[in-house]
1. Going residue by residue through segment 10-27, is there one that turns out to be among the aromatic types (Phe, Trp, Tyr), in contact with a Phe, Trp or Tyr (Cβ under 7 Å, 6 or more places away or on another chain), outside any helix (DSSP H, G or I) and at pLDDT below 90?
2. Going by the structure shown, is residue 41 at pLDDT below 95, loosely packed, with under 13 Cβ neighbours inside 10 Å, under 20 Å from the mean Cα position of the chain (by Cα) and not in a strand (DSSP E or B)?
3. Kindly establish whether residue 60 is among the hydrophobic types (A, V, I, L, M, F, W, C), in contact with a Lys or Arg (Cβ under 8 Å, 6 or more places away or on another chain) and either at pLDDT below 95 or in a helix (DSSP H, G or I) (or both).
4. Can you name the residue in segment 70-92 that is in contact with a Lys or Arg (Cβ under 9 Å, 6 or more places away or on another chain) and part of a strand (DSSP E or B) and is also surrounded by the most Cβ atoms within 10 Å (Cβ to Cβ) among such residues?
5. What's the total number of residues in segment 99-141 that are modelled with pLDDT of 90 or more, surrounded by fewer than 16 Cβ atoms within 10 Å (Cβ to Cβ) and in a loop (DSSP other than H, G, I, E, B)?
6. Out of 52, 35, which single residue is within 26 Å of residue 91 (Cα to Cα) and either in a helix (DSSP H, G or I) or touching a residue at least 12 places away in the same chain (Cβ under 8 Å) (or both)?
7. Please tell me if residue 4 is modelled with pLDDT under 75, part of a helix (DSSP H, G or I) and not aromatic (Phe, Trp, Tyr).
Amino acid sequence: MIQSLQKIPTSIPRYVSGFTLLEVMVALAIIAITLGALIKGGGDNALNTAYLKDKTLAQWVAMNKVAELQLKRKWPDLGTRSGSMELANREWNWETKVGKTMDPLTGEPSKWIYGLDVMVKQDDKRSGGSLARVKANLPKP
């Protein structure tokens, strides 16, 4: 039994494998910076997706208004009109401007085509311009 006790090393080896505190701190810093960038990118992506959804729905509202005016059996009155419409359980405010267009051949106002400009906003509480704007022509019915 004495012989087995003598085989146990009594001194600490000079080189111990493993990571130093500095190496661990550098690795943690790299991980923290990477995770921060990933989280910011994901948040930006979510905001962009919501904005594109709003733009798409506003475009549909504008195109619906254009189709509605083009399908009427008479020309709308010249000037500006506004109203609202519900789409996707949300209220959308639209504004139409109907005006005469110029005939490119004569340079005079056309007797056959009106110009139409439709702008759509989500609601009046938000600042900023319209989310969608569509320009179209209304031929004489």
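1. No, every residue in segment 10-27 fails to be among the aromatic types (Phe, Trp, Tyr), in contact with a Phe, Trp or Tyr (Cβ under 7 Å, 6 or more places away or on another chain), outside any helix (DSSP H, G or I) and at pLDDT below 90.
2. yes
3. Answer is no for this residue.
4. Result: 92.
5. 1
6. Within the list 52, 35, the selection yields 52.
7. Spelling it out, residue 4 is indeed modelled with pLDDT under 75, part of a helix (DSSP H, G or I) and not aromatic (Phe, Trp, Tyr).
The values are calculated or read from the model by the stated rules, or taken from the named source; none is laboratory data. These numbers come from a predicted model, not from an experiment. Neighbour counts run over all protein chains shown; Cβ positions are idealised from the backbone, glycine included.
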